[in-house]
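Peer 1: Structure provided below as structure tokens; questions to follow.
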Amino acid sequence: MPLIRKPPVEAAGTPASAPDAAAVFAALARGTDDERWSAARAAADLPDSVPALEDALRRERSPVVREALFSALAHIATTQSVEAVLRFLRSDDAAVRTEASDSLLAMKDVVWPYVAPLLRDANADVRILACGLVRDMPSQVAVSLCCGVLDSEAEPNVCAAAVEVLAEVGESSALPALERCAKRFSDAPFLTFSIQMAVGRVRSQAPKPRA
Amino acid sequence: MLEFPALTQDEFRRLCEFLYRRTGMTFTEAKRYYVERRVIERMTTTESSSFETYFARLRTDLQGEVEQFVNAFTINETYFYREEHQLTCLTSELLAERLKVKRPGDSIRIWSVPCSTGEEPYSIAIWLLENWRHVDDYHIEIVGSDIDTDAIALARAGAYGNRALTRLPPQVVEKYFVANGADSWQILDDLRGSVSFTRVNIVERAETKPHGQFDVIFCRNVLIYFDDLSRRTAAENLFENLYPGGFICLGHTESMSRISPLFDVARFSDAIVYQRPAR
Amino acid sequence: MTDDTAKRILVVDDAGLVRRYYRSALETAGFEVAEALNGLEALELLLGDRFDLVIVDVNMPQMDGVSFLQALRAKSLPLSSIPVLMVSTEAAPQRIATASAAGANFYMVKPLRPETLVQYASLLCGARNG
């Protein structure tokens, strides 16, 4: 029989000992692609690695290694790592913006205290990404934040992002803000359409028997 | 069961989008009937009076509703030669690709994770012996791993009921199993001894890394149960466990597009498969 | 040579309402529409079916529109020459230059008016490169 069997993996020795922090940080700074990737993953479990990870991100050109760096920061999930990731949200590179956003989404409730300030950021794309973070927050908070956006936001694409969230989590308390927004942007066909859809879905949430 | 009309187009699309974002599963129009049926089943069981009520339950994952909903599609009952199209793809496409970078005497390493009670890794072994013309030219190492040690113990024991064997041609059953009672079949010792089983949590790098690198990994219907961060970590671990150019097969409703950008997608006639980029 | 089969457009945007809006306008104009939520899903769908145009947003999870476009143009023909309309929230010169360098056939700023979307979709559907 050509099938071969090696000794069971667990018997192959004790699990690897804790990585040497100095070696990991050195590899982060100066290794090959594979070494930097591996070091980024190892750094997720090292104390005080956020500054080194952020530093590495500023210099990193490989999307695969960047992904591991952002993963490590998401894994750490502290206010320090959130703030590190936030600093990449305004990158000119769309790939970096996506990677940063995905990393924040993976950090869940650790990011929540930052969402309200992000909704007031000077950069419209950041405000749009913030609406994406709102979607995962508890419904009542999400509805309240989105309605706030609808009432104060000048940029139609940001309003659209808030409408998108309300179309999913919206309750009847959101209807007045939706209707006010529709009036403000009555000459923007996409917003009119979106708000109509959102209002329709919110209204149909009143439980009623189908039969 | 209460009578519910089918989902509207908008409801079906919203449900699919939610499930995709939450689990990575993709449902096309072709699957619509099954999705609707499942929604109706769950609406009845949860006494949801409308689609919106049920959808709110799903969105908030009330009492683990996402897992409840998804379970129907993964069908926890396993059997031999499940998803045969992927086995076909293995022997007609994937191994041919891997052979291009192999030298005589090299091993071919295949990982089945999660392997549950062993049907999948044993199926791979039998399929290769029956269908791969190069099976005698290379050393083939098959590893089956699962987080559930009870399942691993059963896999090592290699005893299965009639139901698990229903997809196997009779001559295959005769060749690789010995009857052991009315509803029990024992895998031949030779075959049983050729597959190694380990316990692994695919989210833990310390547990996955020692398994080394594989040519093909089968990782079906487990990533859908994870949250974003765990899914991401597991994908990175599996990436690390693949040779550059190696392949990973997910469940046929799963898409790597929701899980990780690390892999290239390769579309073969029998299956969609993901590949770690070659150097 | 006239082609009687309907033109097929792949709409790529992570916002469901945006995809729904484009679908509505394009289907009314006689196009067939398929949807993807991010660049990775778009690449998967493009490997399996013929499309005449891709409309892609820039900011999406997993894979942004620019990275998608770069990956698409690196594929072999005929897939690599499919026309791409890139849509973005702003028209900064650097963004347009990046889109152009990545291989976009056209660049538009959202939100789009339905008649504009249909007009440019029709124009681009016949416009294969090379």
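Peer 1: Going through A:Ala84, A:Ala74, A:Ala94 one at a time, which residue ends up being over 12 Å from the mean Cα position of the chain (by Cα), under 13 Å from A:Leu53 (Cα atoms) and of a type in the set (A, V, I, L, M, F, W, C)?
Peer 2: Values: A:Ala74 fails: over 12 Å from the mean Cα position of the chain (by Cα); A:Ala94 fails: under 13 Å from A:Leu53 (Cα atoms).
Residue meeting the stated conditions: A:Ala84.
Peer 1: Name the one entry in B:Arg163, B:Arg156, B:Arg199 that is charged (D, E, K, R) and in contact with a helix residue (DSSP H, G or I) (Cβ under 7 Å, 6 or more places away or on another chain). Show your work before the answer.
Peer 2: Details: B:Arg163 fails: in contact with a helix residue (DSSP H, G or I) (Cβ under 7 Å, 6 or more places away or on another chain); B:Arg156 fails: in contact with a helix residue (DSSP H, G or I) (Cβ under 7 Å, 6 or more places away or on another chain).
When all the criteria are applied, what remains is B:Arg199.
Peer 1: Hey, A:Leu69 hits all of (1) surrounded by fewer than 21 Cβ atoms within 10 Å (Cβ to Cβ); (2) farther than 22 Å from C:Ala91 by Cα but one; which does it fall short on?
Peer 2: With respect to (1) surrounded by fewer than 21 Cβ atoms within 10 Å (Cβ to Cβ); (2) farther than 22 Å from C:Ala91 by Cα, A:Leu69 is out only on (1).
Peer 1: Of all residues in the stretch C:43-69, which are aromatic (Phe, Trp, Tyr) and surrounded by fewer than 24 Cβ atoms within 10 Å (Cβ to Cβ)? Spell out how you get there, then give the answer.
Peer 2: Narrowing the stretch C:43-69 to residues aromatic (Phe, Trp, Tyr): C:51, C:68.
Across the stretch C:43-69, the qualifying residue is only C:Phe51.
Peer 1: Does C:Leu47 qualify as being at pLDDT below 95 and either more than 30 Å from A:Ile195 (Cβ to Cβ) or touching a helix residue (DSSP H, G or I) at 6+ places or on another chain (Cβ under 6 Å) (or both)? Steps first, please.
Peer 2: Details: at pLDDT below 95: yes; either more than 30 Å from A:Ile195 (Cβ to Cβ) or touching a helix residue (DSSP H, G or I) at 6+ places or on another chain (Cβ under 6 Å) (or both): yes.
So C:Leu47 passes the test.
Peer 1: When you check C:Val87 against the structure, is it of a type in the set (Val, Ile, Thr), closer than 17 Å to A:Asp125 by Cα and free of Cβ contacts under 8 Å to residues at least 24 places away in the same chain, yes or no?
Peer 2: Details: of a type in the set (Val, Ile, Thr): yes; closer than 17 Å to A:Asp125 by Cα: yes; free of Cβ contacts under 8 Å to residues at least 24 places away in the same chain: no.
Taking the combined requirement at face value, the residue does not satisfy it.
Peer 1: B:Leu165 fails exactly one of the following numbered conditions: (1) without any contact (Cβ under 8 Å) to a residue 40 or more places away in the chain; (2) buried (at least 17 other Cβ atoms within 10 Å of the Cβ). What is the number of that condition?
Peer 2: Result: B:Leu165 passes all but (1).
Peer 1: Quick check on this structure: which one of C:Leu72, C:Leu40 is surrounded by 22 or more Cβ atoms within 10 Å (Cβ to Cβ), of a type in the set (A, V, I, L, M) and modelled with pLDDT of 95 or more?
Peer 2: Values: C:Leu72 fails: surrounded by 22 or more Cβ atoms within 10 Å (Cβ to Cβ).
Criteria check complete, one pass: C:Leu40.
Peer 1: All but one of (1) at pLDDT 90 or above; (2) over 24 Å from B:Val195 (Cβ atoms); (3) β-branched (Val, Ile, Thr) hold for B:Thr53; state the number of the condition that does not hold.
Peer 2: Single failed check for B:Thr53: (1).
Peer 1: Looking at the stretch C:17-122, what strands (runs of 3 or more DSSP E) fall wholly within it and have at least 3 residues that are under 20 Å from B:Ile259 (Cα atoms)?
Peer 2: Fully inside the stretch C:17-122 and qualifying: nothing.
Peer 1: Of the residues that sit in the stretch B:60-76 and are surrounded by fewer than 17 Cβ atoms within 10 Å (Cβ to Cβ) and assigned to a helix (DSSP H, G or I), which one is modelled with the lowest pLDDT? If you could, list the steps in order and put the result at the bottom.
Peer 2: To start, the set of residues in the stretch B:60-76 that are surrounded by fewer than 17 Cβ atoms within 10 Å (Cβ to Cβ) comprises B:60-64, B:67, B:71-72, B:75-76.
Imposing the further condition that a residue be assigned to a helix (DSSP H, G or I) reduces the set to B:62-64, B:67, B:71-72.
On the way: B:Leu62: 91, B:Gln63: 93, B:Gly64: 92, B:Glu67: 91, B:Asn71: 86, B:Ala72: 78.
Per the criteria, the residue is B:Ala72.
Peer 1: Could you tell me which of the residues B:Arg82, B:Arg109 is at the interface with chain A (Cβ under 10 Å from one of its Cβ atoms), under 21 Å from the mean Cα position of the chain (by Cα), farther than 30 Å from A:Ala167 by Cα and not in a helix (DSSP H, G or I)? Let's see the steps before the verdict.
Peer 2: Details: B:Arg82 fails: at the interface with chain A (Cβ under 10 Å from one of its Cβ atoms).
On inspection, the qualifying residue turns out to be B:Arg109.
Peer 1: Let me ask something else about it. Report yes if some residue within the stretch A:149-167 is surrounded by fewer than 22 Cβ atoms within 10 Å (Cβ to Cβ), out of contact with any Lys or Arg (no Cβ under 6 Å at 6 or more places or on another chain), more than 14 Å from every other protein chain (Cβ to nearest Cβ) and part of a helix (DSSP H, G or I); otherwise report no.
Peer 2: Checked the stretch A:149-167: at least one residue is surrounded by fewer than 22 Cβ atoms within 10 Å (Cβ to Cβ), out of contact with any Lys or Arg (no Cβ under 6 Å at 6 or more places or on another chain), more than 14 Å from every other protein chain (Cβ to nearest Cβ) and part of a helix (DSSP H, G or I).
Peer 1: Say we look at the stretch C:8-26 and pick out the residues that are under 15 Å from B:Tyr20 (Cα atoms) and of a type in the set (A, V, I, L, M); which of these is surrounded by the most Cβ atoms within 10 Å (Cβ to Cβ)?
Peer 2: Result: C:Val12.
Peer 1: Determine, yes or no, whether B:Val195 is within 11 Å of another protein chain (Cβ to nearest Cβ), touching a residue at least 60 places away in the same chain (Cβ under 8 Å) and more than 16 Å from B:Arg109 (Cα to Cα).
Peer 2: Numbers: within 11 Å of another protein chain (Cβ to nearest Cβ): yes; touching a residue at least 60 places away in the same chain (Cβ under 8 Å): yes; more than 16 Å from B:Arg109 (Cα to Cα): no.
The answer is no for B:Val195.
Peer 1: Right, next: Identify all residues within the stretch B:102-129 that are modelled with pLDDT of 95 or more and surrounded by fewer than 16 Cβ atoms within 10 Å (Cβ to Cβ); write none if there are none.
Peer 2: none
Peer 1: Let me ask you something else. Helices (runs of 4 or more DSSP H) wholly in the stretch A:31-87 with at least 2 residues that are farther than 19 Å from A:Leu129 by Cβ, within 14 Å of another protein chain (Cβ to nearest Cβ) and modelled with pLDDT of 95 or more - which ones?
Peer 2: Numbers: elements: A:33-43, A:50-59, A:63-76, A:79-86.
Counting at least 2 such residues, we get A:33-43, A:63-76.
The values are calculated or read from the model by the stated rules, or taken from the named source; none is laboratory data. Note that the structure is predicted; figures quoted are calculated from it, not measured. Cβ coordinates were reconstructed from backbone atoms using ideal geometry, including for glycine residues, and neighbour counts include every protein chain displayed.
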